[in-house]
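Some notes on the structure that comes next.
The values are calculated or read from the model by the stated rules, or taken from the named source; none is laboratory data. From a predicted model like this one, the values you see are computed outputs, not experimental measurements. Don't worry about glycine lacking a Cβ; one is built from the backbone with ideal geometry, like all the others, and counts go over all protein chains shown. SASA here: full protein model, heavy atoms, side chains in, ligands and nucleic acids out. Shrake-Rupley method; radii C 1.70, N 1.55, O 1.52, S 1.80 Å.
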Amino acid sequence: MEAGVWEPVGGWRQLEGDIFGLGWSVESLEFFSPEAVNWARSFHADSLEICVNFTGHGLVRAGKKSLMFLPGFFGFYALREEGLEATRSGGESNRFLTFEWSRSRLAKELEGLEDDLPSTVRKWLAGRNLDPLVGRLRLLPEYWGHAWNHWVAPDVPGRARSLWFWGRALELAGVLLFEESPRKSERRLHWNARRWAERAQEYLRAHLAEPLCLKALSKEVGCSPFYLSRIFSDQVGETLPAYLRRLRMEKAAELLRKGEHNVTEAATAVGYSSLSHFSKAFCRMMGCCPCVYPNPARLIR
């Protein structure tokens, strides 16, 4: 069924399991499509799916609830008969894994643990909820590894591959489906915020001459623009524009100290097209005009 759905774009592989025979399955998708792809056509009725997203963007929606799969995130959604809408982004590479469970098999695996599940998941597993289920997203932990080949071709011998994928399917279900204690959830949010702020700093350092585009930066980092702005200020102590401006002035000062750039060249190197704007920003940050930095002899050039 799924092979036919993905045939127009290719890149579908059955890695392990059988959703119809065994009640669980692991599949990989790796493709590029110039147009958006209807992802929902691959979903199985009466099943829960966990998507581990590596590259590209995917959207899953049911009514007013939605999940946006960004690179480096994983999350789940479930279907009884119909009601889920889903698309994969066009114009970019898509790489993701799906760990699929039939409702009956997952209910068997979680038997006796139902009290620790959120009520929405518990009702869905028990068959008391006919509506589709849109779960939650989590950032892929660093210790799991983010290398594509680590997931699609694990370094385990022959028949042990099935055991490896089975264990990973259970681990993902355990991480996503069960409720967290408030303290653990708070620690995780704090860790994620620090990681996102660090990613943003690394990106800005590498692209300091480029205009600041919050939408593009948040896409690179893996969280929403609004949330990135808030957590960056909390974690770094500066707003994104102020941090980038400081990076630029520090880099410009370094170029001027080396004596290999004049003021115009230094301004251009750090992304300023207006010399007056650069001079004002430099003066506020460094306490003197760039034409006399780091010594008055520069006025002679």
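Before moving on, here are some points about what is shown:
- Shown here: region 1-61, whose C-alpha atoms stretch 35, 24, 20 Å along the first, second and third principal axes, sorted largest to smallest.
- Rg then Dmax, both in Å and based on the Cα atoms of region 59-117: 14.2, 45.
- Over the Cα atoms of region 211-286, the radius of gyration divided by the Kirkwood radius equals 1.05; this is the Rg/Rh ratio.
- The portion of the accessible surface of the chain made up by carbon and sulfur, rounded to a whole percent, is 52 (1.4 Å probe; DNA, RNA and ligands excluded).
- Amide H contacts of Gly135 (H built 1.01 Å from N, under 5 Å, at least 5 apart or other chain): Phe76, Tyr77, Ala78
- Once the Cα atoms are used to define both axes, helix 225-236 deviates from the longest principal axis of the chain by about 60 degrees.
- Computed [θ] at 222 nm, deg cm²/dmol, the chain (DSSP H ≥ 4; -39,500 (n - 2.57); rounded to nearest 500): -13000 deg cm²/dmol
- An ellipsoid equivalent to the chain, defined through the eigenvalues of its Cα gyration tensor, has semi-axes of 49, 20, 17 Å when rounded to whole angstrom and sorted largest first.
- The alpha-carbon of Lys251 sits under 22 angstrom from the alpha-carbons of these lysines, leaving out residues fewer than 8 places away in its chain: Lys280.
- Stretch gain in nm, segment Thr87-Ala269, where the contour uses 0.36 nm per residue and the Cα spacing is subtracted: 61.5 nm
- Sites excluded, GluC sites (Glu not before Pro) in DSSP loops with at most 14 other C-beta within 10 Å, longest stretch of the chain: 112-178
- Longest to shortest principal axis, alpha-carbon extents of region 94-249, angstrom: 60, 39, 27
- For region 67-216, the residue among Ser119, Ala216, Ser104 whose Cα projects farthest onto the positive side of the dipole built from Cβ charges is Ala216.
- Assuming charge only on the beta carbon of Lys and Arg (+1) and of Asp and Glu (-1), the dipole of the chain about its Cα centre is about 1420 debye to the nearest 20.
- In Å, descending, principal axis extents of the Cα set of region 28-129: 45, 23, 20
- Annotation: extensible slack from Arg136 through Glu111 equals 6.8 nm (criterion: 0.36 nm per residue apart, minus Cα-Cα distance).
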